[in-house]
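Structure first, then comments.
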Amino acid sequence: MASQLTQWLLDESPRSRRQAVLGNLYHRMRSILGNPAAFLGLLIILLLILMALFAPLLDRGLSPYAQDLNNRLAAPTSEHWFGTDELGRDIYVRTLYGARVTLTIVGLVCVVVAPIGLAVGTVAGYLGGWVDAVLMRITDVFLAFPRLVLALAFAAALGPGIENAVIAISLTAWPPYARMARAETITIAKSDFIQAVVLQGASTWRILFHHIVPLCLSSVIVRLTLDMAGIILTAAGLGFLGLGAQPPTAEWGAMVSAGRDVILDQWWVATIPGIAIFVVSLGFNLLGDGLRDVFDPKDAS
């Protein structure tokens, strides 16, 4: 049965659209699994997702908010695997629940950034003229400022909180996607099949959303995966400065900030969440490199 399914997926002459799509997906998954770096990145991200989903089963019955002032800044032991912080809270459990905050921020930013970037870039690239000029000048304004500085400015104006942090990061992260989508749209719009669709009488919006946007998605996915590390670091930076998740929420950047005053004597308070940020960022970078090789084989050479 398994061999028949594999043969069906590898068929070079698919008999239906579903077979073609699933076969293409199977080829790409094999390419990712065959790339050791990408496979390692995928494992790290899957581990992050599992940590977030099953945190209540992995917390050993401890709460991320429970304080024990008599056991504050305790070194790692069999009871507290990663030690405790300045309020006696278990760092292992807080790091575990911090994965949920990280995934929430990353997921919300992706949902906002990708559609905005695709919409602005494809419309500007296909319509051209004054529409292109106006949209690209707005994009240039956002690109003129360093992303972190602009995110800090938006977060300070909107106020602290996870929702405002997501808005601040999203407002600064979409311009590169718009630039990339515009460049690809200009190339795609000159292709013969787009001209054929135009001759058939398809509307501009149908051409954009049914023909051009799907062809730009692969590049957006790769760029989004590679940008995840930057998004996580920006979110952690906002949390470190008190502009992200607010106490007592377990967030990795805020945890690093809480441990900076005792970094020399109680190193585990800041080091453990710092390692979590590093490992997850590395995982997204490794997976992004693998996806780039899969979706754009020319870059692999």
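Here are some residues: Leu96, Leu69, Leu103. Which one is of a type outside the set (Val, Ile, Thr) and loosely packed, with under 15 Cβ neighbours inside 10 Å? Residue meeting the stated conditions: Leu69. Where helices (runs of 4 or more DSSP H) fall entirely within the range 1-53, those with at least 2 residues that are loosely packed, with under 13 Cβ neighbours inside 10 Å and hydroxyl-bearing (Ser, Thr, Tyr) are at 2-9. Restricting to the range 123-166, name every residue that is without any contact (Cβ under 8 Å) to a residue 40 or more places away in the chain, in a loop (DSSP other than H, G, I, E, B) and under 18 Å from Ala236 (Cβ atoms). Of everything in the range 123-166, just one residue is without any contact (Cβ under 8 Å) to a residue 40 or more places away in the chain, in a loop (DSSP other than H, G, I, E, B) and under 18 Å from Ala236 (Cβ atoms), namely Pro146.
For (1) β-branched (Val, Ile, Thr); (2) part of a helix (DSSP H, G or I); (3) touching a helix residue (DSSP H, G or I) at 6+ places or on another chain (Cβ under 8 Å), each residue gets a yes or a no:
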{"residue": "Arg182", "(1), (2), (3)": "no, yes, yes"}
{"residue": "Thr185", "(1), (2), (3)": "yes, yes, yes"}
{"residue": "Ile194", "(1), (2), (3)": "yes, yes, yes"}
{"residue": "Phe209", "(1), (2), (3)": "no, yes, no"}
{"residue": "Leu215", "(1), (2), (3)": "no, yes, yes"}
{"residue": "Val222", "(1), (2), (3)": "yes, yes, yes"}
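The set of residues from the range 200-230 being crowded, with 16+ Cβ neighbours inside 10 Å and basic (Lys, Arg) comprises just one member, Arg223. Before we move on, is Thr104 in a helix (DSSP H, G or I), within 27 Å of the chain's Cα centre (by Cα), under 30 Å from Phe209 (Cβ atoms) and not charged (D, E, K, R)? The answer is yes for Thr104. Restricting Arg179, Arg260 to residues that are without any contact (Cβ under 8 Å) to a residue 60 or more places away in the chain and either β-branched (Val, Ile, Thr) or closer than 28 Å to Ala144 by Cα (or both) narrows the list to Arg179. Return a yes/no flag: does the range 286-300 have any residue that is of a type in the set (Val, Ile, Thr), crowded, with 19+ Cβ neighbours inside 10 Å and modelled with pLDDT of 85 or more. No, the conditions are met nowhere in the range 286-300.
Considered as a group, the residues in the range 244-276 that are within 17 Å of Gly88 (Cβ to Cβ) and among the acidic types (Asp, Glu) include one that is nearest to the chain's Cα centre (by Cα), and that residue is Asp261.
Taking the criterion of being in contact (Cβ under 8 Å) with a residue 12 or more places away in the chain, within 15 Å of Asp289 (Cβ to Cβ) and not charged (D, E, K, R), the residues of the range 22-43 that qualify are Ser31, Ile32, Asn35, Ala37, Ala38, Phe39, Leu40, Gly41, Leu42, Leu43.
In the set (1) of a type in the set (Phe, Trp, Tyr); (2) farther than 22 Å from Leu226 by Cβ; (3) at pLDDT below 90, the condition left unmet by Phe145 is number (2).
The values are calculated or read from the model by the stated rules, or taken from the named source; none is laboratory data. Small disclaimer: the values here were computed from a predicted structure and weren't measured. Don't worry about glycine lacking a Cβ; one is built from the backbone with ideal geometry, like all the others, and counts go over all protein chains shown.
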